[in-house]
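Visitor: What follows is a single structure, and I will ask about it in a moment.
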Amino acid sequence: MIQIIKGPDYLCAKFPEGQPYHCEDDGIYVRDSEILRRLGLKVSDVLPWREVERRIRLNVVPGDIAVVCETCSWRSYGFCEEGVEGVIESNGLRKVLPSGTD
């Protein structure tokens, strides 16, 4: 089960020290709102991750990231498009190794 929250999450907590922190930038809230709208979700919803994946398969395509996240500095890395593609293909998200492991 996951819960939809507003504001910084577990990923933001791992943001590298010494880098400009942007997890509370207004633009992020705008992008989050658009994705939640596309998925028919709202802040405080609690649901199984597989339901989020189902909604992604029905409502999102990898190219949507270029539109919704046009101003995101992380978009150029391609991870989000890759993630959407993996969910659509029922492969799930890529595993992330803890820092310091390869």
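The values are calculated or read from the model by the stated rules, or taken from the named source; none is laboratory data. Being a predicted model, the structure only gives us computed values, none of them experimental. Glycine gets a Cβ as well: all are built from the backbone with ideal geometry, and neighbour counts include every protein chain shown.
Visitor: In this structure, does Ile5 turn out to be surrounded by fewer than 14 Cβ atoms within 10 Å (Cβ to Cβ), closer than 25 Å to Lys95 by Cβ and of a type in the set (Val, Ile, Thr)?
Guide: Against the criterion (surrounded by fewer than 14 Cβ atoms within 10 Å (Cβ to Cβ), closer than 25 Å to Lys95 by Cβ and of a type in the set (Val, Ile, Thr)), Ile5 qualifies.
Visitor: Can you tell me which residue is nearest to Asp9 (Cα to Cα) among those in segment 55-75 that are surrounded by 15 or more Cβ atoms within 10 Å (Cβ to Cβ) and among the basic types (Lys, Arg)?
Guide: Arg75
Visitor: Return the residues of segment 50-68 that are within 25 Å of His22 (Cβ to Cβ) and either in a helix (DSSP H, G or I) or at pLDDT below 90 (or both); say none if nothing qualifies.
Guide: Correct list: Val52, Ile56, Asp64, Ile65, Ala66, Val67, Val68.
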